[in-house]
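Accompanying notes for the structure given below.
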Amino acid sequence: MQSQLITRGLGFAGLIPFYLFVTGLALLQDYPRALSTQGFIIYSLAILCFLSGAVWGYARRLPSEQQALHLLVSNGVVIFAVVSLLTAQVVLAALLLMLGYIALLWYERRTDEVGNWYSAMRAQLTLGVILAHLLFVGLQVASA
């Protein structure tokens, strides 16, 4: 029970930087605003890679014949996330990262046990991340 509480706390606390960066994007100007933009994209990359690592860790507990696809997906999502940043276009990168979160959640729901507390939490967190990305993109487009 304590690990579930810690997992939930850390998961929802992980949303805070997304929204702080979005707030910075909305309220700040010049260099601090640019830092908010970069911070959002880099933080999003880091969290998506972290979630991919969780898929890797989950795969290691499966029987060897079931591991390959999980390992390939976890690595593929990381490569996709890094390539999204290499576009050097902030709006496109944010949209691609958002797509990565959606794809990873979709994959997890198709392959893992659904209906437990973790799966519900992941869906809630992904919804929070998607909303943050949509706000980020909206603010970027509005200021262009």
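Note on Cys49 and Gln4: their simple-model spin labels are 3.2 nm apart, each label 7 Å out from Cα toward Cβ. In this Cβ point-charge picture (+1 for Lys and Arg, -1 for Asp and Glu), segment 2-143 has a dipole of about 120 debye about its Cα centre. Full extension of the segment from Met121 to Ile79, taken as 0.36 nm per residue of separation minus the current Cα-Cα distance, would add 12.6 nm. Rounded to the nearest Hz, the phi-derived 3J(HN,Hα) couplings of segment 100-113 under the Karplus curve 6.51 cos²θ - 1.76 cosθ + 1.60 (θ = phi - 60°) are x, 5, 5, 5, 5, 5, 4, 5, 4, 5, 7, 10, 10, 5, where x marks glycine and proline. The angle separating the long axis of helix 64-86 from the principal Cα axis of greatest extent in the chain is about 10 degrees. A Stokes-Einstein calculation at 25 °C with viscosity 0.890 mPa s, built on the Kirkwood radius of segment 71-144 over Cα pairs, returns a diffusion coefficient of 185 µm²/s.
Just rank Ile79, Ile102, fewest to most, by other beta-carbon atoms within 10 angstrom. List each step's numbers first, then the result.
On the way: Ile79 10, Ile102 14.
Going from least to most buried by this count: Ile79, Ile102.
Which of rounded, prolate or oblate describes segment 2-143 when judged by the alpha-carbon gyration tensor and an a/c cut-off of 1.5?
Values: a/c = 2.51, a/b = 1.66, b/c = 1.51.
Taking the square roots of the gyration eigenvalues as a ≥ b ≥ c, segment 2-143 is prolate.
Helix 117-143 and the longest principal axis of the Cα set of the chain meet at an angle near 20°. In this label model, Ser64 and Ala13 are separated by 3.9 nm, measuring between points 7 Å along each Cα→Cβ vector. Placing pseudo-labels 7 Å out from each Cα toward the beta carbon at Ala88 and Leu71 gives an inter-label distance of 3.6 nm.
Can you give me the relative contact order of the chain as a percent, contacts being Cα pairs under 8 Å and 6 or more apart?
Working: 108 pairs, mean separation 36.9, N = 144.
Result for the chain is 26 percent.
From most to least packed by mean Cβ count within 10 Å, the peptides 30-36, 59-65 give 30-36, 59-65.
Laboratory data are not the source of any read-out in this text; all were calculated from the coordinates shown. As the structure is a prediction and not an experimental result, all values here were calculated from the model. As a convention, Cβ positions derive from the backbone with ideal geometry for all residues, glycine included, and neighbour counts pool all protein chains shown.
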